[in-house]
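Structure, as structure tokens:
Since every read-out is calculated from the coordinates, none of them should be taken as a lab result. Everything quoted here is computed from the prediction, not taken from an experiment. In this analysis, Cβ positions are derived from the backbone assuming ideal geometry, glycine residues included, and neighbour counts consider all displayed protein chains.
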Amino acid sequence: MALTASDWRQSDDQVMTGNSPYSVPKEPGSIRAILLAAAVHAALFAFLWFGIHWQSTQPIAVEAEVWDPQIKDAAPTPPEPVPQPTPEPKPEPVIQDTTPPKVVAPPLPDPEIALEQEKKRKEQERKDLQRQEELEKQRKLQKQQDEQEQKDKLKAEAEQKAAKDKAAAQEKQKLDAAKKTEADAKKKQAAAEAAAETKRRSDEMKRMLGQAVGNGPANSTGTAAQSQGPRGDPGYAQKVASKIKSNIIFNVPEGLAGNPAAEFDVQLLPDGSVASVRLRKSSGVSGFDEAVKRAIEKSAPYPKDKTGSVPSSFIGTHKPKDQ
């Protein structure tokens, strides 16, 4: 059922008076909406007016197409042409020449020319063979000469080496002989010096006094007179003998027959050190001889005598059972 304007008005009055159970608020911007709608209608009217005015212009020419109401099938598409193969050219027939070839007879050689050529060939072969034989002879001769030269060279080198070796051997013999002569001379000189030294010492011992100083008690060791000096110093000899005796380390073997003495010639330096120790007479017991020698060397340096100097030498005599 459609509502009239009076119904709407009555409804609005009810809303305004508060008789209606609910109220409808007014939509905001109603004036703006009316203006927008009026502008849209005016634009639509202008567009329609310009469009109709443009369509009312009469065309200059009219084209018409007439269609047949009956439906006809379209004509079929003509088939594509099939390419035809290119015919091959027929070979032209070969016309063979049946004429037999002409036989040309070779010229017959001249017998004299052939004989001359054969003679030249044989002569050339003979010369070549002769040349090869000469070359072979020369090669063999050259080889023999080279071998002979090599042998001569080796022989000369061997002879030269032998001569050098002989000369070196002779030179070595000369050197050895000279060395031997020099050594013999040195030995003779040393022997002469030793003999002279022995003679000098013997003469000195003979001139010394108190040669029997060591003949004291039976259980003491003997020390020769050189230890006393030329002036004789029995106290110095006893002092040296006691010092050496204290350094002898030797175990007397059981069953030792007798009491053999070992006698040493001792050379001293001015500071009392030992210059040399020489065994003058062995006791017959090598162990005791070595023990006495070590004791003499260990006892250095030796003291000075009453003159304030160290004697140049002394002869020490020691017995194993007196230790």
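Which order results if Ile244, Ile34, Ile315 are arranged by neighbouring Cβ count within 10 Å, fewest first?
Fewest-to-most Cβ neighbours within 10 Å comes out as Ile34, Ile315, Ile244.
Any of Lys245/Lys306; Lys281/Lys306; Lys164/Lys186 with alpha carbons more than 27 Å apart? Name them for me.
Lys281/Lys306; Lys164/Lys186
Please arrange Leu115, Leu268, Leu279 by how many other C-beta atoms lie within 10 Å of their C-beta, fewest to most. List each step's numbers first, then the result.
On the way: Leu115 10, Leu268 20, Leu279 14.
Exposure proxy ranking, most exposed first: Leu115, Leu279, Leu268.
Over the residues of segment 118-207, compute the C-alpha Rg and express it relative to 2.2 N^0.38 Å.
For segment 118-207, the normalised Cα radius of gyration comes out at 3.14.
What is the order of His318, His41, fewest Cβ neighbours within 10 Å to most?
His41, His318
Within segment 306-323, whose backbone N sits under 12 Å from a point 7 Å along Cα→Cβ of Lys281?
Flagged as within label range: 316-319.
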